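Take a look at the structure set out below.
The values are calculated or read from the model by the stated rules, or taken from the named source; none is laboratory data. Given the structure is predicted, the values throughout are model-derived calculations rather than measurements. When we count neighbours, we look across all protein chains shown, and the Cβ atoms used for this are built from the backbone with ideal geometry, even at glycine. Note: accessible area is taken over every heavy atom of the protein model, side chains too, but ligands, DNA and RNA are not part of it. Shrake-Rupley method; radii C 1.70, N 1.55, O 1.52, S 1.80 Å.
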Amino acid sequence: SRYFIIDCDTAEDDIMSLFMLLRYGIDVKGITIVEGNIAFDQEVNNALWALEFINKDIPVYLGSRRPIVKSYRTVENVHGKGGIGDLIPEPKTLKAQNKSAIDAIIDLANTYPGELEFLAISPLTNLALAYLKDNSIAKKIRKVWIMGGTIYGRGNITPVAEYNIWVDPDAAKIIFNSGMDLTMVAWDLITNYTIDEKEWKYIMSMNTKMSNFYISIYEHYRKFAMQYQKMNGNPHPDLITTSIAIDSSVATKVEKQYVDIENCDCLTRGMTVIDYLGVLNKNPNTNVVYEIDKQKFISMLYNLLSWF
Ligand code: BDR
Ligand code: CA
């Protein structure tokens, strides 16, 4: 089987991403928590609570509580106070590990060199700190799947920046220039593949434990996306990235390009700059996804929701 670390700023879409990996038989070696969507300790609690929901005990490691250089802000307005709406999850029995996420990433990369994959559906601080501590992980981690950035310059936290990259553009700059094997799934790509009214109603009608869980944790995000983000349903940034990581044929158009990150203290901070024409004469460093097979993604989602 395949070995993964999933790096989370645990809101609803991060939780479903973890579940999808497990549903598809991926051996998840660790969940690493990083600053992002909501208060850090709530992100930790959400990960443990989600594991209790599916009755699995996977190690949860605590990572960075803040970006490397500058400050950031959480987005409870998008995901709700608890990251899954207004409910504030609390785990009953599970606890986080004592080992830090940074050391867990390095140790797992050394235990499974050439095999370990890293699913980055959150700011890149943990991975950058691990890389700064041990450069050799760049060649040991088989693939890094990134939910982040934009391909057409349409952001969600600033006009041109996507949240995960914007939170820690310095970490992102380190990772995009690290030589790791990167695949990037952009925000303004996934906004084209939302769960519309018909699909939402269908999911309601499934009435499984998992589909009911899905409806309850996405309701807040769905309302926000439709009211403030010009979408006709709820988006799945993390989950689409995860589906591509599981089955790369979900991505139907991919181009290898040089991507760099704007980390100035300026209007375009956190922007992903893609060298479409190769005018910078740099080696392409990123597999950039430009199209997905929506039906394939939806069938993976429905398969997850019919789990139990
Ligand atoms: C990204 O930020 C978070 O809100 C989501 O979970 C996703 O990882 C979207 O910009
Ligand atoms: Ca996320």
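Two decimals, Cα atoms only, Kirkwood Rh: what is Rg/Rh over region 1-131?
0.94
Please report, in Å, the Rg and the Dmax of the chain, where both are computed over Cα atoms only.
17.8, 55
Are there cysteines in the chain with no second cysteine's Cβ under 4.7 Å away, and if so, which?
Lacking a cysteine Cβ partner under 4.7 Å: Cys8.
Using bins 5 angstrom wide from zero, how does P(r) for region 39-110 break down, in % of all Cα pairs?
3, 15, 21, 20, 21, 14, 5, 1
Mind telling me which of Glu262, Glu52, Glu197 comes out most flexible in a GNM of the chain, alpha-carbon contacts under 10 Å?
Of Glu262, Glu52, Glu197, the most mobile in the Gaussian network model is Glu197.
With a 1.4 Å probe and all protein chains kept in place, how much accessible area does Trp166 have, in Å² rounded to the nearest 10?
50
Could you provide, to the nearest whole Å², the per residue accessible area of the chain with probe 1.4 Å?
Counting only protein heavy atoms, the per-residue value for the chain is 40 Å².
Run the numbers for Lys209 and Met226: contour at 0.36 nm per residue of separation, minus the present Cα-Cα distance, in nm.
Gain on extension, Lys209 to Met226, equals 3.6 nm.
Report the semi-axes of the equivalent ellipsoid for region 146-224 in whole Å, largest first, where each axis is √(5λ) for an eigenvalue λ of the Cα gyration tensor.
Working from the Cα gyration tensor, I get semi-axes of 31, 14, 12 Å.
Strictly greater than 16 Å: what percent of every Cα pair in region 230-294 meets that?
Looking at region 230-294, the distances longer than 16 Å represent 61 percent of pairs.
Using the Cα centre of region 36-124 as the reference point, and only Cβ charges (+1 on K/R, -1 on D/E), how large is the resulting charge dipole? Debye, rounded to the nearest 20.
320
Across region 153-308, how large is the tail of the calculated P(r) beyond 29 Å, expressed as a percent of all Cα pairs?
24
Considering only DSSP beta bridges with both partners in the chain, what is the antiparallel share in %, to the nearest 5?
For the chain, the DSSP antiparallel bridge percentage is about 30.
Under the Karplus relation 6.51 cos²θ - 1.76 cosθ + 1.60, θ = phi - 60°, what is the ordered set of whole-Hz ³J(HN,Hα) values for region 119-127, x standing for Gly and Pro?
Along region 119-127, the couplings run 9, 9, 10, 6, x, 8, 4, 4, 5 Hz.
Per residue, how big is the convex hull around the C-alpha atoms of region 209-264? Give it to me in cubic angstrom, could you?
161
How many angstrom lie between the C-alpha centres of region 174-201 and region 37-101?
Result: 21 Å between the Cα centres.
Carbon and sulfur: what percent of region 186-283's accessible surface (1.4 Å probe)?
With neighbouring chains kept in place, the figure for region 186-283 is 50 percent.
Can you run the Rg to Rh ratio on region 112-194? Use alpha carbon positions and the Kirkwood inverse-distance Rh.
Value, to two decimals: 1.00.
Can you give the extra length, in nm with one decimal, that the chain gains between Tyr302 and Asn110 once fully stretched, where that is 0.36 nm per residue apart less the Cα-Cα distance?
65.6 nm is the gain from fully extending Tyr302 to Asn110.
Quick check: with the 1.4 Å probe, what order do Trp307, Trp145 take by accessible area, largest first?
Trp307, Trp145
Given the Cα-Cα distance of Val69 and Lys95 and 0.36 nm per residue of separation, how much length would full extension add, in nm?
Using 0.36 nm per residue and subtracting the Cα-Cα distance, I get 6.4 nm.
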